[in-house]
Amino acid sequence: MIESQRHSYHLVDPSPWPISGSLGALATTVGGVMYMHSFQGGATLLSLGLIFLLYTMFVWWRDVLRESTLEGHHTKAVQLGPRYGSILFIVSEVMFLFAFFWASSHSSLAPTVEIGGIWPPKGIGVLDPWEIPLLNTPILPSSGAAVTWAHHAILAGKEKRAVYALVATVLLALVSTGFQGMEYYQAPSTISDSIYGSTFFLATGFHGFHVIIGTLFLIVCGIRQYLGHLTKKHHVGFEAAAWYWHFVDVVRLFPFVSIYWWGGI
Amino acid sequence: MASAAARSGLRSLAARAKATAAPAARRRMSSSAHDDAHETAKWEKITYAGIVTCTLLAAYNLSKGHPHFDEPPAYPYLHIRNKEFPWGPDGLFENKHH
């Protein structure tokens with residue numbers, strides 16, 4: 001921190017990343033719509049937009065890590081920002097997934113005449129909840145236990161143990177995603193098979209996507225722990241990843257009970 | 001006189017409390033580091049128990065083989081196609097070869 005500074009706040013330097021991220025998002029949206037409507041150049045614009053967005057995410061977060069880890073701008077007061085931000089983000093994610101469970105319950109509690117008046121709809125083959133779905137359910141909470149192991153290891157100053165614990169967390173996450181892929185491959189229905197397919201794949205697919213995002217977040221934390229970025233007293237990035245991971249592993253129980261089990265028998 | 005004695009007694013009690021509070025507080029700090037080491041070991045064991053459970057469940061589950069389904073009748077709400085995707089008639093993950 002600069003010696004002459006008389007307050008504990010971080011006054012950020014001008015940065016090109018907000019505008020480059022906005023342009024990337026614009027190109028992705030316009031390119032995506034063009035591509036889905038088979039306009040010429042749609043695929044090119046979509047790809048450029050996504051590359052631009054991913055590049056912006058990389059360099060923006062790189063800058064934040066430099067400001068916090070190397071330049072020491074993230075005082076206790078500054079750390080409150082990302083903490084509130086992470087919590088509000090997770091709350092918004094809860095609402096996002098809540099909508100999909102609402103859609104599933106809305107369609108299954110009073111199935112319409114058009115699908116035979118029954119749930120699952122007539123002709124739809126459903127997965128046995130006690131096979132792959134049951135197997136996949138305890139893997140994420142085990143991964144949640146491993147991230148708690150990593151957290152206590154960081155607090156206890158056991159740096160190597162924390163790296164091992166994060167490796168275990170990420171491996172369990174990858175196994176879970178692998179089983180989810182296997183389940184989708186074996187599934188008798190697709191997203192275009194009635195309201196059952198739409199609600200089933202929307203809810204479980206978005207949960208799986210969140211698992212992948214959380215896995216990437218944990219991989220970054222593992223690399224940072226290996227490089228010695230995280231200390232006993234300052235590891236906000238890790239805490240945010242752990243909160244997010246617990247959200248993802250707890251949310252897994254809802255599709256298991258309401259969609260696979262209740263909605264599949 | 002009595003009140004002065006009581007006051008001094010209280011003061012010495014407070015002083016003693018302060019003196020004992022300080023090392024107690026320090027002890028709590030060192031024991032919290034110990035707690036973290038203890039918790040680390042505990043959660044490591046819980047993780048291993050989770051991995052063992054998942055492995056056993058996977059071995060049992062996968063040994064049962066996977067189910068096969070018959071093609072359902074062509075109900076109008078199955079295999080919905082409103083228009084072609086940019087890459088062709090089927091969704092990216094919709095080709096089923098069982």
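Set the Förster distance to 35 Å, then compute FRET efficiency between A:Glu114 and A:Phe39 from the Cβ-Cβ distance, nearest 0.05. Present the calculation step by step, with values, prior to reporting the outcome.
Values: r = 34 Å, r/R0 = 0.96.
Rounded to the nearest 0.05, the efficiency is 0.55.
Across the residues of A:174-182, average count of Cβ atoms on other protein chains within 10 Å?
If you average over the peptide's residues, the count of other-chain Cβ atoms is 1.
In square angstrom, what is the accessible area per residue of the protein assembly as shown with a 1.4 angstrom probe?
Result: 60 Å² per residue.
Please compute, for peptide A:29-42, the average count of beta-carbon atoms on other protein chains lying within 10 Å of each residue's beta-carbon. Numbers along the way, then the final one.
Numbers: counts 0, 0, 0, 0, 0, 1, 3, 3, 2, 5, 1, 0, 0, 1.
Counting Cβ atoms of other protein chains within 10 Å of each residue's Cβ and averaging gives 1.
Using a Förster distance of 41 Å, how high is the FRET efficiency between A:Leu227 and A:His106, based on the Cβ-Cβ distance and rounded to 0.05?
With R0 = 41 Å, the Cβ-Cβ based efficiency is 0.30.
If packing is taken as the average count of other Cβ atoms within 10 Å, what order do A:168-179, A:221-232, B:72-83 fall into, highest mean first? Spell out each step's value before the answer.
Details: A:168-179: 20.7, A:221-232: 16.9, B:72-83: 12.4.
Top to bottom by mean Cβ count within 10 Å: A:168-179, A:221-232, B:72-83.
Just from its helices, what would the mean residue ellipticity at 222 nm be for chain A, if runs of 4 or more DSSP H residues each count -39500 (n - 2.57) and the sum is divided by every residue, rounded to the nearest 500 deg cm²/dmol?
Using -39500 (n - 2.57) per qualifying helix, the result is -23500 deg cm²/dmol.
Need one value for A:64-76: mean number of C-beta atoms belonging to other chains within 10 Å of its residues' C-beta atoms.
Per residue, the number of nearby Cβ atoms from other chains is 0 on average.
Distance in nm between label sites at A:Met95 and A:Glu67, each 7 Å beyond Cα in the beta-carbon direction?
2.6 nm
As an exercise, identify the GluC sites (Glu not before Pro) in segment A:13-96 lying in DSSP coil whose Cβ has no more than 13 other Cβ atoms within 10 Å.
On the way: sites: A:Glu67, A:Glu71, A:Glu93; in loops: A:Glu71.
Taking segment A:13-96 and a limit of 13 other Cβ atoms within 10 Å, the loop GluC sites (Glu not before Pro) found are A:Glu71.
Averaging sequence separations of C-alpha pairs under 8 Å and six or more residues apart, then dividing by the length of segment A:74-262, give the relative contact order as a whole percent.
Computed value for segment A:74-262: 30 percent relative contact order.
Quick one: which residues, 5 or more positions from B:His79 or on another chain, have an amide H under 5 Å from its amide H? H modelled 1.01 Å from N in the peptide plane, none for Pro or chain starts.
Distant-sequence amide H within range of B:His79: A:Asp193, A:Ser194.
I'd like the interface area for chains B and A: accessible area of each alone minus the complex, both sides summed, 1.4 Å probe, protein heavy atoms only. What is it in Å² to the nearest 100?
On the way: alone 9520 and 15620 Å², together 21840 Å².
That pair of chains buries around 3300 Å² in total.
Put +1 on the Cβ of every Lys and Arg and -1 on every Asp and Glu Cβ in chain A; which of A:Gly21, A:Gln225, A:Gly214 then has its Cα farthest towards the positive end of the dipole?
Of the listed residues, the answer is A:Gln225.
Where the centre of each part is set by its Cα atoms, how far does segment A:137-195 sit from segment A:204-241, in angstrom?
12 Å
Please report, in whole Å³, the volume per residue of the convex hull around the C-alpha atoms of segment A:1-72.
Details: hull volume 5.4 nm³, N = 72.
Residue-normalised Cα hull volume stands at 76 Å³.
Over 25 Å, how big is the tail of the calculated P(r) for the protein assembly as shown, in percent of all Cα pairs?
67 percent
Convert each backbone phi in segment A:252-258 into a coupling constant with the Karplus relation 6.51 cos²θ - 1.76 cosθ + 1.60 (shift: θ = phi - 60°), then list the ³J(HN,Hα) values in order as whole Hz, x for Gly and Pro.
For segment A:252-258, the Karplus curve yields 4, 5, 5, x, 4, 6, 8 Hz.
Select from segment A:96-154 those chymotrypsin sites (Phe, Trp or Tyr not before Pro) which occupy a DSSP coil region and have at most 15 other Cβ atoms within 10 Å, ordered by residue number.
The qualifying sites are A:Trp130.
The values are calculated or read from the model by the stated rules, or taken from the named source; none is laboratory data. Note that the coordinates shown come from a computational prediction; the quantities given were computed from them, not determined experimentally. FYI the Cβ positions are ideal-geometry reconstructions off the backbone, even for glycines, and counts take in every protein chain you see. Please note that ligands, DNA and RNA were not included when accessible areas were found on the heavy atoms of the full protein model with its side chains. Shrake-Rupley method; radii C 1.70, N 1.55, O 1.52, S 1.80 Å.
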